[in-house]
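Notes for the one structure printed next.
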Amino acid sequence: MAILDTPESFDTTSSSADNDRNTLRRRPSARATEVVLDSNSNSLEADAAVNGAESDRNDGNSTGNLCGRVVDAVNEEQRSESAGEGLSYVKEKEEENVKENGETGDGKGGDALAVKFAYRPSAPAHRKIKESPLSSDAIFKQSHAGLFNLCIVVLVAVNGRLIIENLMKYGWLIKSGFWFSSTSLRDWPLLMCCLSLPVFPLAAFLVEKSVQQKYISEWVAVFLHVTITTTEILYPVVVILRCGSAVLSGVTLMLFACIVWLKLVSYAHTNYDLRVLSKSLDKWEALSSYWNMDYSYDVSFKSLVYFMVAPTLCYQPSYPRTACIRKGWVVRQLVKLVIFTGFMGFIVEQYINPIVQNSQHPLKGDLLYAIERVLKLSVPNLYVWLCMFYCFFHLWLNILAELLCFGDREFYKDWWNARTVEEVNFYCLQPVHKWMVRHIYFPCLRNGIPKGVAVLVAFFVSAIFHELCIAVPCHIFKFWAFIGIMFQVPLVIVTNFLQDKFKNSMVGNMMFWCFFLYPWATYERVAVLP
């Protein structure tokens, strides 16, 4: 038998110091690269191995162990993964022997024989049932890093072509100060309105303090809170409609006003519930143990100020806090915020605006042309939405939480893996979702409203605020945003039906991405074009 560069070469020597028993001595050799088996010498060596095994059985020490290892190696080799495993097979068998016997196999010939049997032409190549890597049963058990890299390459190539095409067709459209135009810099009424909004939280604090001191009754406090919150949301609407302002300034003011409104409702609703619980000591102790938080009912101005600037919409007297502020981390996040905000503005000015301006109304022109425009607009619209999500819900909220030592920073979940539209609303905007569940959904259930109606009420409130944030700054009251949000209700039913029918989560996720890409691009064209 000829063996070239095997892991170990063996020779048989006779030791005459104590007795004349034959022992098998292992001699290290060069790195194993290839094993060449000769059919004629195989039979001779097999006979020698058998003879050696018979003589070793008579001895109860090391040679007996050798025979056991040879037999075990042969039996285990027949159940091995493939005949071409080679040295990895040897390593695997050696590790198994170490686990079973606590021995390393030094001085034994089982490992070398395992290599020889593994390279036999008669070794079975197919020994167990296996699935193809891209089959439905095994696709999520494999690594898809290569396909991910391919998608990145294709994405860069496609977007590179779009960039070149856009520059050749429109030229460079970005002007200095594209975020803040001359009109937006003169929006002093909107700025003054924004600066005056903290008056409403102060009024809410005075109402709660009066109730705590029993200067006014509960019903009077409820009436005052309704008046305060209604005035707070209508005040910026009137200012925007009566003053000619830039769209960006109007959207910013309406977003800020909606956030303050949601916080005021949570502040009033939570304090009312804390007053009710404080009247029953048993309930208070039970709920404090359930919440695993020890705080009592107290109307504190400091708590209100912290709540109004904290990255949450749900009020509570105390929050989980971190130990310190990481200044270097904050600086890095601020740099990212500037970069991605500029990138978002670049996409809007260079891509979305020319597409919208050069389009016909999708409901009044050629259907195929409208579909082509919507598909072309969907890609930059997706990039803008992702940049906006990353800038606001990740960078800005984490920066604010770090500066305020706010501990609970689960501002979103893995909404990109959502299987239904219902899961998107649950995973995506966690502060809004927690507010809806806490102050809309659960109160409806506690008052005997059916679950389906409670969900519909939550969608209705969300649709109203979407319409306010888009229609008021754009001075377009066509209820497209309201319809888009309420359209999610039948879409939830459809996606749940398809997911139950096909028993596959991929169907719901694909439906979500289709809804995510195209309807919003259509809405943008319908809303902007006359």
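Bear in mind these aren't lab numbers, they're just calculated from the coordinates by the rules spelled out. Bear in mind that the values here come from a model prediction, so they are computed numbers and not experimental data. Glycine gets a Cβ as well: all are built from the backbone with ideal geometry, and neighbour counts include every protein chain shown.
Annotation: extensible slack from residue 231 through residue 408 equals 60.6 nm (criterion: 0.36 nm per residue apart, minus Cα-Cα distance).
With r as the distance between the Cβ atoms of residue 125 and residue 386 and R0 = 51 Å, compute the FRET efficiency 1/(1 + (r/R0)^6) and round to 0.05. With a Förster radius of 51 Å, E is 0.60.
Overall shape: oblate for region 326-440, with the ratio a/c of the largest to smallest alpha carbon gyration tensor axis at 1.5 or above and b/c at least equal to a/b. Using a simple spin-label model with pseudo-atoms 7 Å out from Cα toward Cβ, residue 371 and residue 457 lie 4.2 nm apart. When the Cα gyration tensor is reduced to axis lengths a ≥ b ≥ c, the ratio a/c is 1.5 or higher for region 377-483, and with a/b not above b/c it is classed as oblate.
Highest-first packing order for the peptide set 447-454, 401-408, 234-241 is 234-241, 401-408, 447-454, based on the mean count of other beta carbon atoms within 10 Å. Cross-linked pairs 376/478; 214/263; 128/503; 279/327: Cα-Cα separations exceed 32 Å for 279/327. When you count the other C-beta atoms within 10 angstrom of each residue and take the mean per peptide, 196-205, 419-428, 328-337 line up highest first as 419-428, 196-205, 328-337.
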